[in-house]
Amino acid sequence: MSGSESTRPVRRRTFVLGTAAAAGSAAVAGPLAAPAAAAAFGWSDNGSDYVVDTGAALVFKVSKTTGDLTSLVYRGTEYQGYGGMNSHIESGLGSSTVTVAQSGSTILVSVTHGTLKHYYAARSGENNVYLWTDKADASVSATRYIVRVKAGLFLNDQPDSYTYTTSTIEASDVFAKSDGQTRSKHYSGLRVIDYSHIGWTTGSVGLWIVRSNHEKASGGPFYRSLLRHQSADGGGLYEILYYGQNQTEEQRFGLQGPYVIAFTDGGAPSSALFPGTLTTPWADSLGISGYVAASGRGRVAGVGITGRDTAHPYTVGLANAAAQYWGAARASDGWFSITGVLPGTYTLTVHKSELAVYSTQVTVTAGGTTTLNSIAIPSSNDPANASAIWRINDWTGTPSGFKNADLMTYAHPSDVRAAAWTGNVVIGSGSETSAFPCYLWKDVNSGLLVYFRLTAAQAAAAHVLRIGVTTAYANGRPQVVVNDTWTSAVPSPPTQPGTRSLTNGSYRGNNHTFTYSVPASAWLTDTGRYNVLKINVVSGSGTTSYLSAGTSIDAIDLLN
């Protein structure tokens with residue numbers, strides 16, 4: 001521990017992040033809370049803030065001039081704020097028009113800042129704050145909400161926390177501890193599809209953000225972004241809708257929400273608040289800009305998907321320029337149902353793990369169900385179905401299985417826990433995949449060698465070599481050399497995000513397959529000798545070390 005860590009108060013804590021069920025002892029923190037308990041429900045004006053009493057154990061304040069959340073008092077304890085900063089959109093909107101209104105058992109605080117509108121809602125008897133954000137254009141650069149939490153209330157030494165170190169190893173947001181482990185707020189280790197809520201618990205108090213359905217976010221179900229952090233002056237919980245880090249899509253505009261700030265007595269928030277479960281008929285008549293009630297939405301359902309590799313999960317996504325949705329395909333038969341979809345025409349994509357293997361167009365109407373007959377994935381759509389002389393890893397659209405792949409979603413490549421990024425691979429050794437590094441960089445491990453033998457018949461023919469990648473940094477891409485006698489052309493770089501990825505916990509970009517037609521003259525005719533494949537990373541961009549041009553590997557194979 002550093003000196004600052006050792007001075008922190010010692011308190012029992014249990015960290016929960018994900019989709020854990022609510023603990024049996026948890027206080028109700030959802031739409032099922034009884035309004036009868038809300039004797040003090042109401043709002044007041046203290047001159048600088050609108051003060052909202054939920055009638056349960058939560059009182060919060062919203063600035064009348066900026067729309068910042070300036071106070072979150074739960075059971076008499078203030079949780080909001082660190083470093084003199086409030087909780088808010090981005091780093092704070094600044095001067096805004098803020099109004100408040102009560103409609104029966106709901107209080108709505110409305111914030112207008114230029115073309116952006118933001119809302120806080122309280123329900124009588126609930127320890128929740130419901131939030132919506134309506135972003136009409138790019139006048140606000142990104143879309144995130146951050147709940148800033150006072151220091152010392154929750155303890156945490158999870159991978160995505162700063163853990164109070166001052167040793168910066170990259171930019172101003174990646175840190176190294178004295179033991180060589182790395183920390184950053186970017187290192188959540190989770191995709192959007194993996195969690196419903198994030199936060200902390202002491203065992204007796206839980207503070208959470210329950211994410212929205214992300215219909216106006218960008219990046220799809222597999223997007224990774226910062227979710228929370230702790231540093232010496234406090235912690236932050238985030239709802240990220242568009243952040244600009246490793247984004248594969250343009251940002252979407254319109255109303256997003258609700259997402260929920262939820263307090264409990266230590267358990268997880270009520271599953272009634274989770275995306276896909278939460279319903280808000282009480283908000284239908286509140287006049288929220290861009291709000292579409294359940295009656296104005298539709299559903300897409302599929303009776304099944306054939307041609308699947310049952311060793312992998314399948315996800316069905318819907319996306320157009322205005323919205324995105326997804327749902328899991330049932331393991332037994334591929335049945336799926338995606339609800340709450342805004343009317344429109346969407347591209348429907350079936351993913352094997354994270355690899356797109358099928359797409360079509362569907363149209364959704366308000367109040368209707370678009371039912372699809374069984375989807376048949378053509379065998380040729382899955383590259384794993386091609387006959388190969390050898391293959392390293394399965395084709396999943398991820399580097400999962402490769403060396404260091406799991407660690408890289410919650411650590412920097414320089415982390416002491418990472419195995420050596422160098423080292424060569426021998427086909428037939430049984431450790432081809434685990435020995436092959438998940439990432440290749442021009443300045444770190446370019447020139448990796450793969451050794452393999454061919455039969456006389458195989459060596460007499462030309463073959464196609466395929467290298468699948470999931471993202472790239474600074475246009476890093478593979479150029480190959482066979483037996484030091486044949487060198488491929490330098491391939492053109494595919495479209496990839498232009499920001500950091502490999503060093504901030506994300507391999508998710510645009511899946512791309514490079515193909516190389518290797519002539520028969522490149523192979524060794526002596527079947528007892530190993531052919532040698534050298535994989536170089538080429539680019540005219542990037543800097544040095546782990547910020548040199550690089551790429552994330554999905555699979556490599558040599559076809560028959």
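The values are calculated or read from the model by the stated rules, or taken from the named source; none is laboratory data. Note that the coordinates shown come from a computational prediction; the quantities given were computed from them, not determined experimentally. For neighbour counting, all protein chains shown are included, and Cβ atoms are generated from backbone atoms with ideal geometry for every residue, glycine included.
Overview of values
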quantity: Some residue of the stretch 435-448 being surrounded by fewer than 21 Cβ atoms within 10 Å (Cβ to Cβ), closer than 24 Å to residue 532 by Cβ and touching a helix residue (DSSP H, G or I) at 6+ places or on another chain (Cβ under 9 Å); calculated: yes
quantity: Residue among 506, 541, 501, 552 that alone is surrounded by 18 or more Cβ atoms within 10 Å (Cβ to Cβ), out of contact with any strand residue (DSSP E or B) (no Cβ under 7 Å at 6 or more places or on another chain) and not assigned by TED's automatic domain parsing to the domain that holds residue 168; calculated: 506
quantity: Any hit, the stretch 417-428, residues being buried (at least 21 other Cβ atoms within 10 Å of the Cβ) and out of contact with any helix residue (DSSP H, G or I) (no Cβ under 7 Å at 6 or more places or on another chain); calculated: no
quantity: Pairs, first modelled with pLDDT of 95 or more in the stretch 510-535, second crowded, with 20+ Cβ neighbours inside 10 Å and assigned to a helix (DSSP H, G or I), C-beta under 7 Å, six or more apart; calculated: 513/383
quantity: Residue 250 being assigned to a loop (DSSP other than H, G, I, E, B), more than 24 Å from residue 295 (Cα to Cα) and in contact (Cβ under 8 Å) with a residue 24 or more places away in the chain; calculated: yes
quantity: Residue match in the stretch 304-322 (condition: of a type in the set (Val, Ile, Thr), surrounded by 16 or more Cβ atoms within 10 Å (Cβ to Cβ) and more than 21 Å from the chain's Cα centre (by Cα)); calculated: yes
quantity: Residue count, the stretch 170-196 (criterion: surrounded by fewer than 22 Cβ atoms within 10 Å (Cβ to Cβ) and either in contact with a helix residue (DSSP H, G or I) (Cβ under 7 Å, 6 or more places away or on another chain) or assigned to a strand (DSSP E or B) (or both)); calculated: 3
quantity: Search result, residues across the stretch 350-374 that are over 28 Å from the mean Cα position of the chain (by Cα) and on the phi > 0 side of the Ramachandran plot; calculated: 367
quantity: Options 199, 235: the member that is assigned to a strand (DSSP E or B) and within 30 Å of residue 319 (Cα to Cα); calculated: 199
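Here is a yes/no grid of residues against (1) buried (at least 17 other Cβ atoms within 10 Å of the Cβ); (2) among the charged types (D, E, K, R); (3) within 21 Å of residue 183 (Cα to Cα):
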| residue | (1), (2), (3) |
| --- | --- |
| 453 | yes, yes, no |
| 469 | yes, no, no |
| 479 | yes, no, no |
| 491 | no, no, no |
